[in-house]
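Heads up: the structure comes next, in structure tokens.
The numbers here are math on the coordinates, done by the rules we state, and not lab data. Everything numeric here is computed off the predicted structure, so don't read it as measured data. FYI the Cβ positions are ideal-geometry reconstructions off the backbone, even for glycines, and counts take in every protein chain you see.
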Amino acid sequence: MPGTADFKPLNIAVLTLSDTRTLATDTSGDALVELLTQAGHHLVARELCADNVYQMRAIVSGWIADAGIHVVITTGGTGFTHRDSTPEALMPLFDKNIEGFGELFRQHSVEEIGSSTVQSRCCAGLANKTLVFCLPGSTGACRTGWNRILQEQLDSRHRPCNFVSITALGSGQH
């Protein structure tokens, strides 16, 4: 529910984590780019990275250190297989965890995939005034995460609260 404040477009980076996709076959990343730009935000970086803890950590660390990037959204690597390592790679970078993000995502996801949502380890946190959201790799999960949570929480007009105020943009340090 938007309030009366002005909309503040955020600079968002998207990272797809996959051993099998290319930018040409990255439907999840494409969906996120489409959704965030339709909402009025700016895509400022997009990359694809193998499921490698150190490579993904290096990319996201660089984005966290960049004052021009307010939000990082990753897709992939949040499942329960031996190759899924996004939470292990990125949670150590967080200054604060946003526990409610994963909880709310799974609550919405159960409507779509039933009890299989228990294997989702999506997570989020704040690092250096940069929001980091780690979504599952499926296009449907990315749409659920955006449409049911991120669209509102990344809108500076959303009340009673939103995440924009804790970014460098919201605190006037951009």
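Quick notes
- Among His108, His41, His82, His70, sorting on how many other beta-carbon atoms sit within 10 Å of each Cβ, with the fewest leading, yields His82, His108, His41, His70.
- For His158, residues with placed amide H under 5 Å, excluding near neighbours: Gly3
- The stretch 73-104 and the stretch 123-174: distance between their alpha carbon centers, rounded to Å: 14
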